[in-house]
Structures are given as C-alpha cells and as structure tokens.
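Some notes on the structure that comes next.
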C-alpha cells in the first residue's frame, strides 16, 4: 500500500503505473471525487489531527506526494511513522522561492539574479537595482499566480499591495529564448537517471505544449542540465522524480524553479519513454532499480485546458495517446492531455488545432516532424 | 461507466487502459477482492436475479466481458438493456467446441478434422476413424483441462468415464510445428485491425511465453491469418478483440480455438504495440476509432505461474515491463507477466530463468534477439 498526499491527476497517473506493479493506493485528498479516486481509496484528513494521520499511514509501506503545497511539518510528522519520499526538506526548499534560489546557488546551478524584499521600500530599492524584473510572492505561487512583471521606475506601492503585502522575491527578468525542463530521478541507493530536456510552451502561465526531446538542444546542453540536476538531487538527498525548469539564454541554462514531484512536462513519458516518470518515481520511492529514461520516439504533449476536444477526432490521429482525468470542465483547468509519438507535422498540427493550441508551435520548428 | 463481466487480471488491465481514457468501471465478479478491484467497483450477483442485474447495468453505457464462460442467456438479457459487446452469439460459439469448429467451417477457416460424439460407442468409432486424436469435452475446457490424447486402438470406456460422460469432440491430433495466435479487432462500424501473429509456448496446458511477432512468420502467413480473422469477425458481426489460436503445420494455419475477449497472448501489446489490445477492445466496444496494432519493437512476454520472481532482479533488466495482478500465489495460477521490448538474447534468457521458464525457448531461435 502506497500513501499519496494529494489526489489529482498526478496521483491518478501514479496509481495507474503502480497498480501494474502490484501496488494499492491510498490518497489523502479533501475533495470527495478527485481524479485519483479511480485507482485507490481516498481519505480526507486534517493534518493536525494525529488520529486521522494515524489512519492515513496505517499499513502504508511508503508515503509520497503529488503536489508541493503539503505542510512541511505534517510531512515530517508522517516521516516519523513511515518512510516519506521525496524528503520533506525538498518540499521546504520548493515552497519558498528564496530557499529555492539559495539551493540553486549552494548546488552551483546558475539562476537569474534575485533580491528578497519584505516591504514596499525594499521592493523599490530592488527594482532600481535589478531593472526589468519579475516580482513573485515567496510562497504559494503556481501556474503564473502570485507574480507580476515590473520595470526599474515602476511605483513599488501598488505592486506591493497587489501581491498581498507578503515577502517577495524580485528576480531579474531574463530575455530567455525558451523554457526547458529536466526530469531528474534518484533512487534510494543514490543511483540517478535523467530524461531528455523538454521544451515547454505556456499560455496565461499554464503549460500548453511540451516537445520531447527539446528541438535543437545540443548534447552539451543536456550534459549541463544533468550536471545541475545531479547536484540538486544529491544536495537534497533526494528520492523520486524532481522536475527542474530552466530558461535557455544565449545557449546556456538558468534554473527557474523546481517541483519535488512528477510534473506535467513529463506526461509524454507514459507513451514516449521506455519507463514513465510515474513508474520511475514509484521505483525510486520503493527502493527498486530505476528504469530507462530514454525515449521510444519524439513526442509532443498537448494539454487540454478548460475543455476536452472531440475524442473521436483525436483518436483518429494514428499515434495519439489520449489521457483524460475525469475532472469537471472549468476555464483554465487541466482536464487531460494527448501525447503524439513519432508523429508527422500534419498530425501535430491537427492535434494542436483540436486542443485549441493552434498557435503554440515550437520555437524550433521541424525538430518534432 | 463500463460494465465488465468478470474481475480477473484481464478486467484489471482493461480498467487501467480505460481509466486513462476517462472511464469508470464496474465489475461483475463473485470473489470479494479480485484483481480488478483496484480499478473499479466490484459487484457480485446471481445472473438469474433480475433486480441484481438491474443494479449491475444501471448507468453503464456498455457491457463487455473478460472471460468466456458467461451464461449466454444472461448476456442476452443484459443486451436488452444496454449494448453488450462482443455479441452474445460469439460467446455461444466459443463455449462449445462443436459450434466453434462449425463456425470455422462456415467462415472458410481451415481446422483439424473433428467428430462430435455423445457416447462411449461413438467415441470408439471416432477414434477408429480419426486415429491419433485429442478428445475434448465440448464445453468448459480451458488451460488444458477437460481434454486428453488418445490413439486409434485405445479403449473408449475409460476415456469416456474420465472426461465425465459428457458430449465430446474428437479432433485429429495435428503434428503441428508451433502454436500461433492472432488478435483481431473489429469496431462498431465494421473497421478491422490485426496485431502481428504471435508464437505461444505452453507447459502443462498453460501459456508460458509469447514471442511477438512470431519469428520466421512469412508475410503470406500473416495475410492468411488476417483473412481468416476477418472472415470470423464478419461472420460473428463481432465488436471488440477476438483471439484466434492456430496450429502451424507445413507452413499453413489450422484454427484451433477462439476466445471472444482480450487474451493472454496479447499482453505484450501494453508495452510492445502502439495501441494495446485492452485500449483497442475498449475503443471498439465504445464505438471509437481503432488504434494502430503495429509494434514498437519485438516483444517477449513471459507469464509468472504459481510464483512471482524477485522484482528487484526483474527490474534490473533494462527493457522489462512488469505487470502484477495482486493475486495470492497458488500452483498453476497466473500471477503476473513481464514483457521485454527490443531486448537482447541475454536479457530474454535472464527473464526466462527468473520466471522459471528457462527451457521455453522459441522454436525459431534468433528471431527475438
């Protein structure tokens, strides 16, 4: 029995991978019919209620999580009862943009310039020092929420107010060429493996399309990414899948953020890699040997945001693998995705159009055809 | 909601494929914790209880089955309430070895000589006419049960007694070179697709190893198999996956039996084909376009019979995909399987040895290396 904190689509896909390996799942999730309900029991608890936590961990051989806003204290308490992987310290690092950036520095991973600020005055100074900036809340930002852009001479007060008068990080606004991500995996024995760099295209702060491997990524870029990935994995004594988002600038990599879990930019691995990120995450946390992270073909993953395209039309595309999450449609919500493996340009264009992502062509066209 | 009669490992793997497509499952299964319980609700009913049948079909958009010993009358009654695919007529044909053989004749599919017998005297005559024979009960045989070999001069009485004094079929005992199987799929719209022929190696009447595609199968053999498959699909107005077992003799095919469901010899398709037999069965019964049945690599599937090999050792084999069914170990029981895709000879030998199937090398060695 594997306990998973969170019961969204990531939990659902972990469950699908783990059932094949003979495991059962229990999900800690407040909503009554989450996507993961199809693949295990769902329990809703208060993290502060020791009896309820007891009931959750009872019988679990390991506990993991599928979202990063798990209270670190709760994860640490659970870890006194049953192994919790990835380590709660990785949660702590990822939940605060300042500790995250400090982790990058400590591990020798290049990252954009940053200045932490705790007041409107400090924000004004930071903007004047950094110039074009992205101002982010230190905590609880995701999918583009809790952040805004700002320029050197912008008035700090309204920004400070708008972001909630909470601790912020002012980051250099990097004129990056594209966003790449790396999925890094580390086993309990310290063995590591890395999926190829993926190019991600966002709209409105939400991932729309991932191209795997990233077109035109030199082997040197992959080597750099893996070196950074290994430094972060080892620094955190990590176990499981770690997602690392990079900006590519002048052909080099700048780490933007990490997610201590399986990641949307790795969904293509279900159909396009020998061993999926979900299976490898489970292999890692269970102390089993890691599986091959190599591709079985070039893949394009397209998210369904807010609505699901006509299934009949999608499945007519020969190498389209469709994944739906059984979530109610709502604007901006991730409802499913499709992965095309070794598809030709016209298949990719058909799927992008069906998914309402027609203009999200890759920055390096031709690399996926 | 998809209703499935039966809740074994085939139901479990149907569920894993169908959840990815956004479906929920209900399984009709008497045992309380069957393999399919991981992927849906399990209900146990008496087929003769109309209220219980009502409860099973309530809310189902389609009903299918994962074993062939479903009472045909029950399937027909359910079909008055909700679409049932494959058609109950296919169940009827497959449940009786005589109607099955007559179906082959009607569809123009070569099959070994056969004589139905209903008494010890008729059995004696049949043996004397046919010579070396396999004597099978007409109904309820599977995995080598309910059958025995016999020779021209054998005494009919003890055979008649041993097989339970029930209607039998006496079949010519074919000195076949090997057993091949074809998975044929037909959609609601009559579209068909076929997986490549697979070579199957049995021991004690239980499938141990499948090689996909079958080594050394000429393209002519595949063409013949597909022609026979299409004839059977169309004759039955079939919808779903139909498994057809053939003997290969003198380079030609003789149909041995059919199974109107997904089949153990198609488990390799989860990892080794673009669209698995499970997804294609669901696409068919749901009226969706069929997916590609082509391979992504040469595959070897090895069943775990009676015990499960050490998982750590198995997962160290680079392209091993392990599937466990969460069943209690028992001699002769199928507990899981592993599929190797594009593996080298030494990986195949390692896995065969781990699975206790070391001597089950293919009849055409080298074809899977």
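The values are calculated or read from the model by the stated rules, or taken from the named source; none is laboratory data. Just so we're clear, the structure is a prediction, and the values are computed from it rather than from any experiment. In this analysis, Cβ positions are derived from the backbone assuming ideal geometry, glycine residues included, and neighbour counts consider all displayed protein chains.
Quick notes
- No other residue among A:15, A:3, A:11 is touching a helix residue (DSSP H, G or I) at 6+ places or on another chain (Cβ under 9 Å), modelled with pLDDT of 95 or more, outside any loop (DSSP other than H, G, I, E, B) and away from chain B (no Cβ under 14 Å) apart from A:3.
- Check on residue B:236, at pLDDT 95 or above and either more than 19 Å from residue B:292 (Cβ to Cβ) or out of contact with any helix residue (DSSP H, G or I) (no Cβ under 9 Å at 6 or more places or on another chain) (or both): yes
- Segment B:299-317, subset over 18 Å from residue B:330 (Cα atoms) and more than 13 Å from chain A (Cβ to nearest Cβ), residue surrounded by the most Cβ atoms within 10 Å (Cβ to Cβ): B:301
- Reported count of residues in segment A:330-339, each being within 12 Å of chain B (Cβ to nearest Cβ) and within 19 Å of residue A:37 (Cα to Cα), is 3.
- Residues located in segment B:197-222, provided they are outside any strand (DSSP E or B) and farther than 18 Å from residue B:341 by Cα: B:204, B:205, B:217, B:218, B:219, B:220, B:221, B:222
- The set of residues from segment B:237-270 being surrounded by fewer than 22 Cβ atoms within 10 Å (Cβ to Cβ) and assigned to a loop (DSSP other than H, G, I, E, B) comprises B:237, B:250, B:251.
- Residues of segment B:35-61 that are buried (at least 20 other Cβ atoms within 10 Å of the Cβ) and at pLDDT 95 or above: B:35, B:36, B:38, B:39, B:40, B:60.
- Candidates in segment A:174-187 are the residues that are surrounded by fewer than 19 Cβ atoms within 10 Å (Cβ to Cβ) and under 21 Å from the mean Cα position of the chain (by Cα); of these, the one that is farthest from residue A:256 (Cα to Cα) is A:177.
- Restricting attention to segment A:283-296 and to residues that are in contact with a strand residue (DSSP E or B) (Cβ under 7 Å, 6 or more places away or on another chain) and more than 8 Å from chain B (Cβ to nearest Cβ), the residue that is surrounded by the fewest Cβ atoms within 10 Å (Cβ to Cβ) turns out to be A:294.
- Leading residue by the ranking (surrounded by the most Cβ atoms within 10 Å (Cβ to Cβ)) among those in segment A:78-97 that are in contact with a helix residue (DSSP H, G or I) (Cβ under 9 Å, 6 or more places away or on another chain) and part of a loop (DSSP other than H, G, I, E, B): A:86
- Apart from one condition, residue B:69 fits all of (1) surrounded by fewer than 15 Cβ atoms within 10 Å (Cβ to Cβ); (2) under 30 Å from residue B:221 (Cβ atoms); the exception is (2).
- Matching residues, segment B:18-57, being within 14 Å of another protein chain (Cβ to nearest Cβ), part of a helix (DSSP H, G or I) and in contact with a helix residue (DSSP H, G or I) (Cβ under 7 Å, 6 or more places away or on another chain): B:18, B:19, B:20, B:35, B:36, B:38, B:39
- Only one of the listed residues (B:75, B:133) is in contact with a helix residue (DSSP H, G or I) (Cβ under 9 Å, 6 or more places away or on another chain), within 21 Å of residue B:259 (Cα to Cα) and modelled with pLDDT under 95. That residue is B:75.
- Verdict on residue B:103 being in a helix (DSSP H, G or I) and surrounded by 19 or more Cβ atoms within 10 Å (Cβ to Cβ): yes
- Single unsatisfied condition, residue B:316 versus (1) over 30 Å from residue A:317 (Cβ atoms); (2) touching a helix residue (DSSP H, G or I) at 6+ places or on another chain (Cβ under 7 Å); (3) at pLDDT 90 or above: (2)
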